[in-house]
Amino acid sequence: MKKERVRAQQKISFKERLGALKNLPAFFKLVWQANPAMMAGNIALRFIKAAIPFLLLYTGKLIIDKVVHISGRHDGGAEYNLWVLVAIEFGLALLSDGLTRAISLLDSLMGDLFSNHTSVRIMQHAAALDLDQFEDALFYDKLERARQQTVGRTVLLSQVMSQVQDLITMGFLAAGLLVFNPWLILLLIVAILPAFLGESYFNDQTYALSRGQTPQRRELDYLRYIGASDETAKEIKMFSLSGFIINRFKTLSEKFYIDNKRIAVKRSIWGTFFALLGSLGYYGAYVFIIERTITGALTIGELTFLAGSFRQLKSLLEGVLARFTTVSQGAIYLNDFFEFFDIQPKIHNTNKPRPFPNPILRGFTFENVGFKYLHSERWANRHLSFTLHPAEKLALVGENGAGKSTLVKLLARLYDPTEGRILLDGVDLKEYDLTELRQHIGIIFQDFLRYQMTFSQNIAAGNIDQQDNEAQIKASARQSLADELAQKLPRGYKQMLGKRFAEGVELSGGEWQKVAIARAYMRDAQLIILDEPTSALDARAEFQVFERFTDLTKGKMAVLISHRFSTVRMADRIIVLDRGQIAEIGSHEELLARGGRYAELFSLQAMGYQ
């Protein structure tokens, strides 16, 4: 991580800028995929627009020369031609305005389409990545940068297209100056080059600063969220944390301001100096053109054409060079975007995955399974060897951090073992189709999501393909006792839950758990896993939930994690975990008879009820 930050803060060379341009073809491929017809139309309109500045200047030259020619004379034919030229110039001006508006419209629409398209791509790719990748801070930095590109890079599209358009326009204008005097082009380049190098330097500084600040900016966003959120308000008030959060926010935001100000001030000072050089170059050329006109080498019309061409070329060249730094900057930022898509999951299907066995005949077998989290030296689980038999109810017991939740994630193949293997009916779990495996497992985690959606959608999240199956949703709700709750809500199953949206209703912790448990029943799963499913329920509700759970999982495998021994004793077997390893395994009665760790924990909890 430290190495990454050091690299981010290094100055970016001109060679690296040019190298970053290789990202543009892939970028435009994404834009094209968003809407091919709109992209093609934008290119065609910009090509036409590129020729108009030259045509306007040249038509203006003809008009002025024509005016000078007929001044003091009465030449009807020449006057007619003059008004024709004026009409042509008027038509070009109208066309230019219309094209500008049309191009701006297409840029805006394509920007929205690109943002939507890439946002979907990011969500699709994120869904395919491994769970442990989401638990890595460096990964989150890349994900955050990729998200920023979905909006920030829409401007890049317009910039690159404008760059090409301006280069075509410059080609037309430069041709006129070259015919007159090639040295004017050289003078123009010398006048503009310092400003280009200055802008390039300060853009490098800005990029390095922005990239290096990514982790702190994520913290800033987090502080902004917890400092004003309905989910955190009660603790913020009770523990008087507002001052602490605000002070931390001020410290970070003021540091960002000082760093940005330092670069902005230097940029402004040097920018003023380079602008002065550019103006000197322009007026030097302007004086030269005027002098040639006075001597009679040029007509008045040619004076206006050349002066206008030089002025526009100067402006366009400044814009192209300045935009080059911005475009190359954007292309460098695209590295962040494509780097995210280069991250590949380690957990995936084999070339020819096996279909999931239905029914399961021999069960799941752990053979000396161990697991370490990414960048961690500590084993979360180690030396796990046991079998979960068909139709067996298995409970996991242990103190917090004993490895219970990690074990069930290994079982659902959200993680792959660091060592050892897990077998299903004698075959390595990695050989089975990943999608089918997870479809046959119903799992509710302790930190389940509380979707700010309708009551019905919250339950259907357990098997989203059945979101329109009202009968199945209601049946699952009855099985988890959530149907009684639905009957009390103003809009029943259509009631919006949570307070984020209008007319939403917030549920208690226990009520949310009933809704979450209903998700597990949405699937016709062969294995149901409940991780602390009743921690927020009262004793009566917990007894009812598990009484139904026992009936509903007859003939199925079930794994439950709980700290309440009244729940655990319903299991056929209990595994006691200590520091990630199996300390004991057996039925409730067997473990009590042994007088070991389980018996100790049971006695401690029983004392609390005396």
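Brief remarks follow.
- Of Val369, Val408, all but one fail to be buried (at least 17 other Cβ atoms within 10 Å of the Cβ), assigned by TED's automatic domain parsing to the domain that holds Glu532, closer than 30 Å to Glu506 by Cβ and more than 28 Å from the chain's Cα centre (by Cα); the exception is Val408.
- For Tyr283: the one exception among (1) surrounded by 14 or more Cβ atoms within 10 Å (Cβ to Cβ); (2) aromatic (Phe, Trp, Tyr); (3) over 29 Å from the mean Cα position of the chain (by Cα): (1)
- Matching helices (runs of 4 or more DSSP H) fully within region 415-519 where at least 2 residues are in contact with a helix residue (DSSP H, G or I) (Cβ under 7 Å, 6 or more places away or on another chain), among the hydroxyl-bearing types (Ser, Thr, Tyr) and over 30 Å from Leu374 (Cβ atoms): 470-480
- Condition check for Arg101: in contact with an Asp or Glu (Cβ under 6 Å, 6 or more places away or on another chain), in a helix (DSSP H, G or I) and not acidic (Asp, Glu): no
- The residues in region 21-62 that are of a type in the set (Phe, Trp, Tyr) and either more than 17 Å from Gln165 (Cα to Cα) or in contact with a Cys (Cβ under 8 Å, 6 or more places away or on another chain) (or both) can be counted, and the count is 3.
- Subset of region 226-267 (residues that are within 28 Å of Ala208 (Cβ to Cβ) and at pLDDT below 80): Arg267
- Just one of the listed residues (Asp141, Asp107) is in a helix (DSSP H, G or I), within 20 Å of Asn42 (Cβ to Cβ) and charged (D, E, K, R), namely Asp107.
- Residue in region 492-511 that is under 12 Å from Met522 (Cβ atoms) and either at pLDDT 85 or above or in the same structural domain as Asp551 (by TED's automatic domain parsing) (or both) present: no
- Gly492 being within 31 Å of the chain's Cα centre (by Cα) and among the small types (Gly, Ala, Ser): no
- Cβ-Cβ contacts under 6 Å between residues 6 or more apart (or on different chains), taken from a first residue in region 442-470 that is hydroxyl-bearing (Ser, Thr, Tyr) to a second residue that is surrounded by fewer than 16 Cβ atoms within 10 Å (Cβ to Cβ) and not in a loop (DSSP other than H, G, I, E, B), are listed as Thr454/Lys494.
- Tally of residues being at pLDDT below 85 and acidic (Asp, Glu) across region 541-586: 3
- Checking Thr365 against (1) assigned to a loop (DSSP other than H, G, I, E, B); (2) hydroxyl-bearing (Ser, Thr, Tyr); (3) in contact with a Leu (Cβ under 6 Å, 6 or more places away or on another chain), the condition it does not meet: (1)
The values are calculated or read from the model by the stated rules, or taken from the named source; none is laboratory data. Because the structure is a prediction, the values reported are computed rather than measured. Neighbour counts are summed over all protein chains in view; Cβ atoms, including those assigned to glycine, are modelled from backbone coordinates with ideal geometry.
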